Amino acid sequence: MKILRGLQALSDDPPRRPVCTIGFFDGFHRGHASLMNDLLRWSEELSGTSTVITFSTHPKQVVLGSAPAVLTPLERRLELIEAMGIDTVLVLPFDEQFSRISPEQFIREVLVGALATEHLLMGFDSAFGQGAKGTAQYLQQIPELPLEVRLSPPLMMEGEAVSSSVVRSTLLDGDLTRAQRLLGRPFSLRGEVIVGDQRGASIGFPTANLDPGPVLVPPVGVYLGSVILGSSILGTSKSPGEVAAIDNEPTSWPAAINIGRRPTFGTPEAPEGTPFDPQLDRLEAHLDGFEGDLYGQIITVELHRRLRGERRFESLDALRRQIVRDVESLRDWWQVRGADGATEL
């Protein structure tokens, strides 16, 4: 996949007969995958180049001064888009000046002027231009519109359209099973393994402490999942929900993952459903059976199922006994997951 960063990159290597879509694509869920499949089909019909326009910054961060917690950083979004088979992605910076561009100006200067496209596919809830005015319905009312606009219908699941906001609220509820159905893959966090307090090792359960960066993290609690070592690059294939490796063979380890503030060691206990606070909480994963040094490595933590809330124990022995039970639950789940296949839906 060709990645063009900024309009200036188009002058060096413009896509041939681009068939475009536009959006932030946060989370890159099954609804996004459905839209990408529509884009690929239309591009194939026209013998064109499937071209995705996206942004390096969430538009709401610029327009409103704040944005919802990001589900997927830009580089991860690019990996997932590439795994769909898209030909070209144009990454545009979204700043205050850009936010004031009208839909008509965006069409004239970017779509027709810079990209020379005649074909634009819109998602059911996508919009561009000042005030998010440029919806598919608005564009179709522009006299002598210089491009063909098609609308990709919403993907309906469980009685509602799949969207980034639905995925976000599901994750904030701690419902990893439903989130996986909406995403078509396990929700994951990627980051560098950093030095922690090494308290897990002191009680026989060493953990890898992850710095996830400024992204959404599910609520405080204990989760079952896996840690991907090696290339750590996974993505969806053209079939939403199917997971495919797109780099050299990563290794997956069963992991019990704690998100929270470890109240047994003296910090205040967090009530059920407490949102993740990067100033107070840690994200740490115990890789069952793994021995080795992961400090400084980039790993991916997949969260599959919420096991329990985090709570304070009366002693380290009581905490250790609970962790033993958690690891037993992890092994039981991993054995069933291995028998049923890599993706649990």
>> If I histogram all Cα-Cα distances within the range 106-151 using bins 5 Å wide from 0, what percent of pairs lands in each bin?
In response: 6, 22, 33, 31, 9
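Could you give the dipole magnitude of the chain about its Cα centre, charging the beta-carbon of Lys and Arg +1 and that of Asp and Glu -1, in debye to the nearest 20? Before the final figure, lay out the partial values.
Working: 33 positive and 45 negative charges, 87 e Å.
Rounded to the nearest 20 debye, it is 420 debye.
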>> Using a Förster radius of 45 Å, what is the FRET efficiency between Gln335 and Asn37 based on their Cβ-Cβ separation? Nearest 0.05, please.
In response: 0.85
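Need the full-extension length gain, Glu160 to Glu109, defined as separation in residues times 0.36 nm minus the C-alpha distance. One decimal, nm. Mind showing how you got there, number by number?
Values: separation 51, 0.36 × 51 = 18.36 nm, distance 3.55 nm.
Length gained, Glu160 through Glu109: 14.8 nm.
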> Can you tell which of Gly65, Pro93, Gln130 lies farthest toward the positive end of the dipole of the range 2-157, using +1 and -1 charges on the Cβ of basic and acidic side chains (Lys, Arg; Asp, Glu)?
Replying inline: Gly65
> FRET efficiency for Ser66 and Ser102, Cβ-Cβ distance as r, R0 = 22 Å, nearest 0.05?
Replying inline: 0.40
> With point charges of +1 on the Cβ of Lys and Arg and -1 on the Cβ of Asp and Glu, referenced to the Cα centre of the chain, which listed residue (Gln140, Gly159, Ala208) lies farthest in the positive direction of the dipole?
Replying inline: Gly159
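If each residue of separation counts as 0.36 nm, what is the full-extension length gain between Arg325 and Glu148 once their alpha-carbon separation is subtracted? If you can, show how the numbers build up before the last one.
Working: separation 177, 0.36 × 177 = 63.72 nm, distance 5.89 nm.
Using 0.36 nm per residue and subtracting the Cα-Cα distance, I get 57.8 nm.
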> By how many degrees, 0 to 90 and rounded to 10, does the Cα axis of helix 30-46 deviate from the longest principal axis of the chain?
Replying inline: 30 degrees
>> What is the angle, in °, between the Cα long axis of helix 74-83 and the longest principal axis of the Cα atoms in the chain? Nearest 10 is fine, range 0 to 90.
In response: 70 degrees
> Between the range 4-63 and the range 92-158, how many Å separate their Cα centres?
Replying inline: 11 Å
> Given q = 0.14, 0.16 Å⁻¹, what are the Debye log10 I(q)/I(0) values for the range 2-157, with equal point scatterers placed on the Cα positions and solvent ignored?
Replying inline: -0.65, -0.88
> With each pseudo-label sitting 7 Å past Cα toward Cβ, what's the Asp12-Ala318 distance in nm, one decimal?
Replying inline: 6.2 nm
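Where a number appears in this text, it was derived from the coordinates with a stated rule and is not lab data. Just so it is clear, the model here is predicted, and its values are computed rather than measured. Every residue, glycine among them, receives a Cβ derived from its backbone with ideal geometry; neighbour counts consider all protein chains shown.
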